Amino acid sequence: MTKSPAISSIAIIGSGISAWSIAALLAQELPSHINLVVVEDASESSADQFGPAITIDCDSAFHEMIGLHDAELITRCDGNLSLGNSLSGWQGDGSHFLSAPSGKLPGINGVAFHHIVLRAAMAKGEPEKLAEIYSAFRFPARAALAGKLTHGSTDPQSPRTMLRPSISFDASLYAALLKKKALAAKSIDVRQSKVDQIETLDDAGHIEAIVLDNGENIVADLFVDVDGTLSAGSQDDHIVSILPFDRMINSQFQRSDQDSRPFPSAQSLDNAVLFETALRNSDCKTLVYASERLDDQQAQASLGELDASATPFEYEQQRKARPWLANIVSAGKAAGQLGPYLSADFRLLHQQALNLSRLIPVSEHMTVEASEYNRLNKITFEQLRDFTLLPFVLNGRSDDLWTKLREADLPESLKIRLEQFKSRGRFVTFDGELFEEQQWIDMMIGFGLIPQRHDPMARTIDMAQVGQSLGRMVDAFQQTINAMPTHPAYMDQLLSVATKERQSGNDNL
């Protein structure tokens, strides 16, 4: 049997973070015989889609594969670490919740930790105080709210094993760094141009070549579209979110003082959500809003003083049903959009890049690879969609827009999770989980979802004895927090180390 020939050329169509994320990873992973070309429209940037600041886990698999370390993000991209994400106003005026990834809290005799706390609250006849009682055991959130910061520990006896820091950085600086890394890793043909025409090969939609606005023909075996140029006018199915927000505006300012918030925040407003992220030297804001309730001028006023480049643009949650079709792979906004909360679009893009790199080189007809890419993209999108929808559908606001969100029809996967947890405190898992079980449970409890019953096995536990153990756990958490450095002190320490590493030619932390 003759083996199908592997592809020999890939063309990436797009710009900014989206194009150079794909290029940086493929530059590391592609066999040497596969040529890579990037057709970049210099007048466009994908930074707007992601907002001026991006927040991602420090242990990013994508960054590990391209050899990008925290030190570079701190020194080259104005990076700032945090232990969680603040949500204010979601349960009404003055409400506050700190969502922080952490290791799973230990169960007892096979009983999940939250069931033990639930039993204690019910025994006191105060199940409505579950969130208040439970908050004492949320070590990463407590550390963040105390203004403390450090990396996790490898000591299994230390509460610091629960810490999962994130890093926020400047989107525009990051795009430039990605491009630099991609070009250093592989010889890449870069064309500063726009696509003028598309020459198809057959009725199935295979592209033979694209014609640039300077008349040049680009021929490739596989085309990666990150801005929608190659799939414009496609009748492919899209999924529309239940969220009512359809406009977005970004703003960024250099900070005049040295004060900075120790974590990103998402504030719910009457007709909008305001996302704020403090980098080391600048403050970034993104507002998503419902245009039928808030016009552009009112949205701009919500951000306060604006820079001249802050212009509102359309925003829509959607997903392409078949992002890999024929020899065209859609990624980034060409494949789907979720929005700025938890940098969901950025996480989706990086997962698409990882999935694509694992499927190359591909067979001649690419059908198996396309099917797998599309399957994985659907899983990733739905995982991100469900977790980012969680605070919206569990909100406790009385405004009309937010009340309607609580009453909206939910995706089946999210509905199952919420119904099972509310009924019996069970957390349902699906393929491709992206967020820790503990983070889901923490947010559901913190947003007032109280299970109607606890695990029957919780009745076998000696609560008096367990109470003493839990008290010691809380004390150990507090002692560890007291000993941790403050956020500014730890960032100063990291910056000092990172600067020395950069000067020595080693950007690893």
Completion exercise
Residues in region 185-206 that are open to solvent by 50 Å² or more (accessible area, probe 1.4 Å) and part of a strand (DSSP E or B) total 8
Exercise for the section: Give the residue that is farthest from the chain's Cα centre (by Cα), with candidates limited to residues of region 55-88 that are crowded, with 21+ Cβ neighbours inside 10 Å and either closer than 26 Å to Trp402 by Cα or small (Gly, Ala, Ser) (or both). Expected result: Ala71
Handout entry: Flag if Glu292 is more than 21 Å from Gly84 (Cα to Cα) and acidic (Asp, Glu)
Key = yes
Completion exercise
Restricting attention to region 426-447, the residues that are open to solvent by less than 50 Å² (accessible area, probe 1.4 Å) and of a type outside the set (S, T, N, Q) number exactly 12
Practice task
Return the residue satisfying two criteria in turn: it lies in region 102-120 and is crowded, with 20+ Cβ neighbours inside 10 Å and touching a Pro at 6+ places or on another chain (Cβ under 7 Å), and of such residues it is modelled with the highest pLDDT.
Solution key: Leu118
Problem - Lone unmet requirement of (1) modelled with pLDDT of 95 or more; (2) assigned to a helix (DSSP H, G or I) for Phe169 - result: (2)
Problem - Pairs, first under 17 Å from Ser265 (Cα atoms) in region 157-180, second assigned to a loop (DSSP other than H, G, I, E, B) and of a type in the set (Gly, Ala, Ser), C-beta under 6 Å, six or more apart - result: Ile167/Gly79; Phe169/Gly79
Exercise for the section: Determine which member of the set Arg459, Arg502, Arg472, Arg453 is open to solvent by 50 Å² or more (accessible area, probe 1.4 Å), in a helix (DSSP H, G or I), at negative phi and free of Cβ contacts under 8 Å to residues at least 40 places away in the same chain. Expected result: Arg472
Practice task
State whether the residues of region 98-109 include one that is at positive phi and in contact with a Lys or Arg (Cβ under 7 Å, 6 or more places away or on another chain).
Solution key: no
Practice task
Please enumerate the residues belonging to region 372-407 that are among the basic types (Lys, Arg) and either crowded, with 20+ Cβ neighbours inside 10 Å or in contact with an Asp or Glu (Cβ under 8 Å, 6 or more places away or on another chain) (or both).
Solution key: Arg385
Completion exercise
Among strands (runs of 3 or more DSSP E) completely within region 1-102, the ones holding 1 or more residues that are under 21 Å from Leu222 (Cα atoms) and touching a helix residue (DSSP H, G or I) at 6+ places or on another chain (Cβ under 9 Å) are 9-13, 35-40
Practice task
Would you confirm whether any residue within region 419-436 is over 23 Å from Arg261 (Cα atoms) and of a type in the set (A, V, I, L, M)?
Solution key: yes
Exercise for the section: Among the residues of region 207-224, write down those that are under 13 Å from Val39 (Cβ atoms) and either outside any loop (DSSP other than H, G, I, E, B) or of a type in the set (Gly, Ala, Ser) (or both). Expected result: Ile207, Ala209, Ile210, Val211, Leu212, Asn217, Ile218, Val219, Ala220, Phe223, Val224
Practice task
Residues being in a helix (DSSP H, G or I), out of contact with any Phe, Trp or Tyr (no Cβ under 9 Å at 6 or more places or on another chain) and not basic (Lys, Arg): count how many of those fall in region 108-133.
Solution key: 10
Practice task
Quickly run through region 84-107 and pick out the residues that are closer than 15 Å to Phe137 by Cβ and aliphatic (A, V, I, L, M).
Solution key: Leu98, Ala100, Leu105
Handout entry: When residues of region 475-495 are limited to those that are open to solvent by 50 Å² or more (accessible area, probe 1.4 Å), over 28 Å from the mean Cα position of the chain (by Cα) and not aliphatic (A, V, I, L, M), the one nearest to Ala141 (Cα to Cα)
Key = Gln478
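Report yes if Ser166 is more than 24 Å from Ser9 (Cα to Cα) and in contact with a Gly (Cβ under 9 Å, 6 or more places away or on another chain), otherwise no.
So Ser166 fits the description; yes.
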Practice task
Say whether the condition of being of a type in the set (Lys, Arg) and at pLDDT 95 or above is met by at least one residue in region 74-88.
Solution key: yes
Exercise for the section: From the list Thr286, Thr311, pick out the single residue that is under 24 Å from Asp57 (Cα atoms), in contact (Cβ under 8 Å) with a residue 60 or more places away in the chain and of a type in the set (Val, Ile, Thr). Expected result: Thr286
Handout entry: Test for Glu364: is it surrounded by fewer than 24 Cβ atoms within 10 Å (Cβ to Cβ) and in contact with a Pro (Cβ under 8 Å, 6 or more places away or on another chain)
Key = yes
Exercise for the section: Tell me, yes or no, whether region 154-170 has at least one residue that is open to solvent by 60 Å² or more (accessible area, probe 1.4 Å) and within 24 Å of Gln352 (Cβ to Cβ). Expected result: yes
Practice task
Please state which of the following conditions Asp257 fails to meet, knowing it meets all the rest: (1) farther than 27 Å from Asp41 by Cβ; (2) crowded, with 22+ Cβ neighbours inside 10 Å.
Solution key: (2)
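The values are calculated or read from the model by the stated rules, or taken from the named source; none is laboratory data. For clarity, every value in this text was computed on a predicted model and none was experimentally measured. Neighbour counts are summed over all protein chains in view; Cβ atoms, including those assigned to glycine, are modelled from backbone coordinates with ideal geometry. The area values use the complete protein model at the heavy-atom level, side chains included, leaving out ligands, DNA and RNA. Shrake-Rupley method; radii C 1.70, N 1.55, O 1.52, S 1.80 Å.
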